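No lab work stands behind these numbers, since they all come straight from the coordinates. Keep in mind that this is a model prediction, so the values were computed, not measured. Glycine gets a Cβ as well: all are built from the backbone with ideal geometry, and neighbour counts include every protein chain shown.
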Amino acid sequence: MNGIAAPPAAQEVVRLDAVRKVYGGPKNEVAALNGVSIGLGQGTFTAVMGPSGSGKSTFLHCAAGLDRPTSGTVMLDGVDLSPLKERQLTKLRRERIGFIFQAFNLLPALTVLDNVTLPLRLAGTRPKKAAVNEVLERVGLAGKRTSRPGELSGGQQQRVAIARALITQPAVIFGDEPTGALDTYTAREVLTLLREAVQWGGQTIVMVTHDPVAASHADRVLFLADGQLVSALERPTADQVAEQMTHLGAWGNRTAATAPQAGHGVHR
Ligand code: ADP
């Protein structure tokens, strides 16, 4: 399936058309993405899932302008990324995109306040006190502004990272396994926070995850297999997501221990 339609009314903040990303040379070519077309509406929360090696990271990197597709186009907030020079891309990422990573990626020497306001200062903008206070309140860290990341729990650190992503009011926040390093309870808190940013703040969020429970917090779950979007579920339960993953996993688990011996080929 090439084009899974976006919800009709919402304006598309992220748009990929016929995106292909090929690694390697002519002899060992791997199409990490192989003709992906998708639109992600403003104020929506999308999870991207798929077996290991299905192209999730490549999707995220291409959609976020961290990597350039071999062919096809990526539009971000109405801007075509392909003609942009590296400096323009960096500027666009800094101003229009927020990132949340599994490993939080906070600066250990800086306080919570300085970590959160760093993107503004990098962009040469003076942080507005009211806006900073509001975002710290929203993530429940108003009392921790002078703490350093090392003094915080994993969940609190990820909330700092979310505040840092929200502070620039980006067109879209990309999450790369944002709950991957958290326990179930803390992960749910973080996902609820992301959900609230979408619901109350109109934030657009795209998150790669392995976790069906995490994906079930999204409005829509997109499934990748072998570099292609193969299905999508709207507001699914974790069980429905897990079932779909099991289905795709049967294809994706052909590695090391489970790989069939030569001659026993797996047919698809
Ligand atoms: P996922 O995130 O779903 O595990 P990736 O997007 O990381 O999948 O990778 C998709 C495919 O592209 C895999 O076959 C992977 O080996 C290949 N790939 C990804 N990055 C590179 C790279 N830099 N060089 C060569 N192959 C790559």
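Phi angles of the stretch 159-176 translate, via the Karplus equation with coefficients 6.51, -1.76, 1.60 and θ = phi - 60°, into HN-Hα couplings of 5, 4, 5, 5, 4, 5, 6, 6, 4, 8, 6, x, 5, 8, 10, 9, x, 10 Hz per residue; Gly and Pro are given as x.
Note on Ala130 and Arg20: their simple-model spin labels are 5.2 nm apart, each label 7 Å out from Cα toward Cβ. Distant-in-sequence amide contacts of Ala225, defined by a placed amide H-H separation under 5 Å and a gap of 5 or more residues or a different chain, comprise Val230. 3J(HN,Hα) couplings calculated from phi for the stretch 36-52 with the Karplus curve 6.51 cos²θ - 1.76 cosθ + 1.60 (θ = phi - 60°) are, in sequence order, 9, 10, 6, x, 10, x, 5, x, 10, 10, 10, 9, 10, 10, x, x, 4 Hz; Gly and Pro show x. As a rough guide to protection, the peptides 27-35, 216-224 ranked by mean Cβ packing within 10 Å, highest first, stand as 216-224, 27-35. You can think of it this way: the chain between Gln169 and Ser82 has 29.0 nm of extra reach, that is 0.36 nm per residue less the Cα-Cα gap. Electrostatic tally near Lys56: other residues with Cβ closer than 14 Å to its Cβ, Lys and Arg +1, Asp and Glu -1, net -4. Protection proxy ranking of 101-113, 151-163, 176-188, by the mean of other Cβ atoms within 10 Å over each peptide's residues and highest first, is 151-163, 176-188, 101-113.
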